[in-house]
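Asks: This structure is in structure tokens; I'll ask about it shortly.
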Amino acid sequence: MTQTLLSELTTAAVGGPAGNYIEARTEAEIIDAVRSADAAGEKLLIIGGGSNLLISDEGYPGTVLKVASEGFTVNSEDSCGGVSVVVQAGHNWDALVEHSVLHAWSGLEALSGIPGATGATPVQNVGAYGADVSQTIAAVRTWDRERNAVHTFTNSELKFGYRDSILKQTTVEGSPRYVVLTVEFQLPLGRMSAPIRYAELARVLGVEAGKRAYSNDVRREVLRLRASKGMVLDAADRDTYSTGSFFTNPIVPADLASTLPEDAPKYPAGDNGLVKLSAAWLIDQAGFGKGFGLEDSSVSGGRASLSTKHTLAITNRGSASATDMVAIAREVRAGVVKRFGIELHPEPLLIGVSL
Ligand SMILES: Cc1cc2nc3c(=O)[nH]c(=O)nc-3n(C[C@H](O)[C@H](O)[C@H](O)COP(=O)(O)OP(=O)(O)OC[C@H]3O[C@@H](n4cnc5c(N)ncnc54)[C@H](O)[C@@H]3O)c2cc1C
């Protein structure tokens, strides 16, 4: 029997063998596979595009289920209510965004170029350039493994937060209580984008922050900005062999934020006086510049490093192991604590490894 290596199913290209590997192409196949693994008492890892997972070199000693259901259905489309579209969990996210822009469905354009499957987007409330999926998701249909039944969440029931949702809170080591089957988006019709909420994007589009632009311009500029930071998958570019941002931006009390230098980026985070900081800035200012780990190869033999385009991504330079990637993450995290007293938290799910 040939073994499936998880390094072949993840964008960081690390991870040992799967105990058992199944690909499910329809909702019925997903439910069947989950029920069988649960009935047999097997450990179960759900995987979409593998772009937010860092899996141990020992692999996963249970069933790995790849959700590969594709396609979407338009429930309704009219100028008053906009479009309601129900998307299969395995459908490629960026293909959906591209379709939305081409068909003048507004609201997803700023989320162009994010790798992975649509079913994973509500899990960590995927976001970029001032947008996130909580702004457009109407409902998520799931298989509830605890109750052995289909359960549909409305937007407010999903308890979306910054890179967070109830789906993530109830996931343990990549094994979710709720397996996403479909995601329903509600999108206004029109060629104009949602208001541009991100200063850098507004600047390159030549609009004021808070104003709209043509969605196809937004998509083009987002893809350009992302590619310049190594944040669009490109088989020829080692800077994109990563999990995207490795650390979330820390949200800290105002008195801790006030101990940082004047020029540290700080953004209000809610009404309770909390402040969101830039993890990339903290990493850079703690002495870990772009490409850290390449010239000074003492940490991971030069096999893993910070991206040469962005300090927030940990990249596999060709032959890295999960251990190498974790070594860079530990060094960076310890350095930021030492310099600023702030602890960074990983954004990807760590399976069988810890920092
Ligand atoms: C180059 C690059 C750039 C990135 N940029 C961004 C960005 O701008 N913003 C951002 O938010 N993220 C970004 N990411 C992270 C990642 O792409 C997103 O989190 C994406 O949504 C993960 O999708 P996936 O299908 O690859 O999920 P996977 O990595 O396969 O899985 C991630 C988690 O979701 C769970 N999951 C997957 N499918 C399901 C399902 N059907 N039901 C229940 N649970 C499920 C998995 O169990 C796992 O816990 C980036 C990653 C890379 C490599």
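Asks: Just to be sure before I move on: is S51 part of a helix (DSSP H, G or I), hydroxyl-bearing (S, T, Y) and under 19 Å from S319 (Cα atoms) in the structure I sent?
Replies: When the stated conditions are applied, S51 does not pass them.
Asks: Here's a follow-up. Just a yes or no: is a residue in the stretch 57-67 in a loop (DSSP other than H, G, I, E, B), within 30 Å of G190 (Cβ to Cβ) and at pLDDT 95 or above?
Replies: Within the stretch 57-67, none of the residues are in a loop (DSSP other than H, G, I, E, B), within 30 Å of G190 (Cβ to Cβ) and at pLDDT 95 or above.
Asks: Right, something else. Regarding the stretch 43-57, can at least one residue be identified that is assigned by TED's automatic domain parsing to the domain that holds R25, of a type in the set (D, E, K, R) and more than 12 Å from the chain's Cα centre (by Cα)?
Replies: Within the stretch 43-57, one or more residues are assigned by TED's automatic domain parsing to the domain that holds R25, of a type in the set (D, E, K, R) and more than 12 Å from the chain's Cα centre (by Cα).
Asks: Which one of L225, L189 is surrounded by fewer than 20 Cβ atoms within 10 Å (Cβ to Cβ), under 18 Å from the mean Cα position of the chain (by Cα) and at negative phi?
Replies: From the options L225, L189, the qualifying one is L225.
Asks: Would you mind stating whether D32 is away from the ligand (no atom under 12 Å from the Cβ) and in contact with a helix residue (DSSP H, G or I) (Cβ under 7 Å, 6 or more places away or on another chain)?
Replies: It is false that D32 is away from the ligand (no atom under 12 Å from the Cβ) and in contact with a helix residue (DSSP H, G or I) (Cβ under 7 Å, 6 or more places away or on another chain).
Asks: Checking E70 against (1) near the ligand (Cβ under 10 Å from one of its atoms); (2) in contact with a His (Cβ under 9 Å, 6 or more places away or on another chain); (3) acidic (D, E), which test does it fail?
Replies: Condition not satisfied by E70: (1).
Asks: Could you tell me whether the stretch 115-123 includes any residue that is without any contact (Cβ under 8 Å) to a residue 40 or more places away in the chain and in contact with a strand residue (DSSP E or B) (Cβ under 8 Å, 6 or more places away or on another chain)?
Replies: no
Asks: Next question, about the same structure. Please enumerate the residues belonging to the stretch 149-193 that are touching a Lys or Arg at 6+ places or on another chain (Cβ under 7 Å) and assigned to a loop (DSSP other than H, G, I, E, B).
Replies: Answer for the stretch 149-193, where residues must be touching a Lys or Arg at 6+ places or on another chain (Cβ under 7 Å) and assigned to a loop (DSSP other than H, G, I, E, B): S165, T170, R177, S193.
Asks: A follow-up question, please. How about the stretch 101-118: which of its residues are within 20 Å of Y214 (Cα to Cα), outside any helix (DSSP H, G or I), hydrophobic (A, V, I, L, M, F, W, C) and near the ligand (Cβ under 8 Å from one of its atoms)?
Replies: I114
Asks: Can you tell me which residue is farthest from D94 (Cα to Cα) among those in the stretch 119-149 that are β-branched (V, I, T) and within 8 Å of the ligand (Cβ to nearest atom)?
Replies: T142
Asks: What number of residues within the stretch 150-176 satisfy the criterion of being more than 9 Å from the ligand (Cβ to nearest atom) and in contact (Cβ under 8 Å) with a residue 12 or more places away in the chain?
Replies: 13
Asks: Now for a different question. Can you name the residue in the stretch 89-98 that is out of contact with any Asp or Glu (no Cβ under 9 Å at 6 or more places or on another chain) and touching a residue at least 24 places away in the same chain (Cβ under 8 Å) and is also surrounded by the fewest Cβ atoms within 10 Å (Cβ to Cβ) among such residues?
Replies: E98
Asks: Now a separate question. Only one of these is under 20 Å from G127 (Cβ atoms), touching a Gly at 6+ places or on another chain (Cβ under 9 Å) and of a type outside the set (K, R): L187, L205. Name it.
Replies: Going through L187, L205 in turn, the sole match is L187.
Asks: Right, another one. Could you go through the stretch 52-64 and let me know if any residue there is closer than 23 Å to R147 by Cα, crowded, with 24+ Cβ neighbours inside 10 Å and within 14 Å of the ligand (Cβ to nearest atom).
Replies: Scanning the stretch 52-64 turns up at least one residue that is closer than 23 Å to R147 by Cα, crowded, with 24+ Cβ neighbours inside 10 Å and within 14 Å of the ligand (Cβ to nearest atom).
Asks: Filter the stretch 311-335 for residues that are among the hydrophobic types (A, V, I, L, M, F, W, C) and in contact with a strand residue (DSSP E or B) (Cβ under 8 Å, 6 or more places away or on another chain) and give the result.
Replies: Those that are among the hydrophobic types (A, V, I, L, M, F, W, C) and in contact with a strand residue (DSSP E or B) (Cβ under 8 Å, 6 or more places away or on another chain): L312, A313, I314, A320, A322, M325, V326, A327, I328, A329, V332.
Asks: Name every residue in the stretch 1-29 that is more than 10 Å from the ligand (Cβ to nearest atom) and in a loop (DSSP other than H, G, I, E, B), in order of residue number.
Replies: M1, T2, Q3, T4, A13, V14, G15, G16, R25, T26 - these are the residues of the stretch 1-29 that are more than 10 Å from the ligand (Cβ to nearest atom) and in a loop (DSSP other than H, G, I, E, B).
Asks: Given the stretch 222-341, what helices (runs of 4 or more DSSP H) lie entirely inside it while holding 1 or more residues that are within 16 Å of the ligand (Cβ to nearest atom), free of Cβ contacts under 8 Å to residues at least 60 places away in the same chain and of a type outside the set (S, T, N, Q)?
Replies: 279-285, 322-340
Asks: Identify, from the list P122, P176, the residue that is over 14 Å from the mean Cα position of the chain (by Cα) and closer than 21 Å to T243 by Cα.
Replies: Testing whether each residue is over 14 Å from the mean Cα position of the chain (by Cα) and closer than 21 Å to T243 by Cα leaves just P176.
Asks: Answer yes if at least one residue in the stretch 73-83 is surrounded by fewer than 22 Cβ atoms within 10 Å (Cβ to Cβ), of a type in the set (A, V, I, L, M) and within 18 Å of T11 (Cβ to Cβ), and no otherwise.
Replies: No.
Asks: Another one. Is it true that some residue in the stretch 7-23 is closer than 18 Å to N148 by Cα, in contact (Cβ under 8 Å) with a residue 24 or more places away in the chain and not polar (S, T, N, Q)?
Replies: no
The values are calculated or read from the model by the stated rules, or taken from the named source; none is laboratory data. Since this is a predicted model, take the numbers as computed values, not measurements. Here the Cβ is made from the backbone with ideal geometry for all residues, glycine too, and neighbour counts use every protein chain on show.
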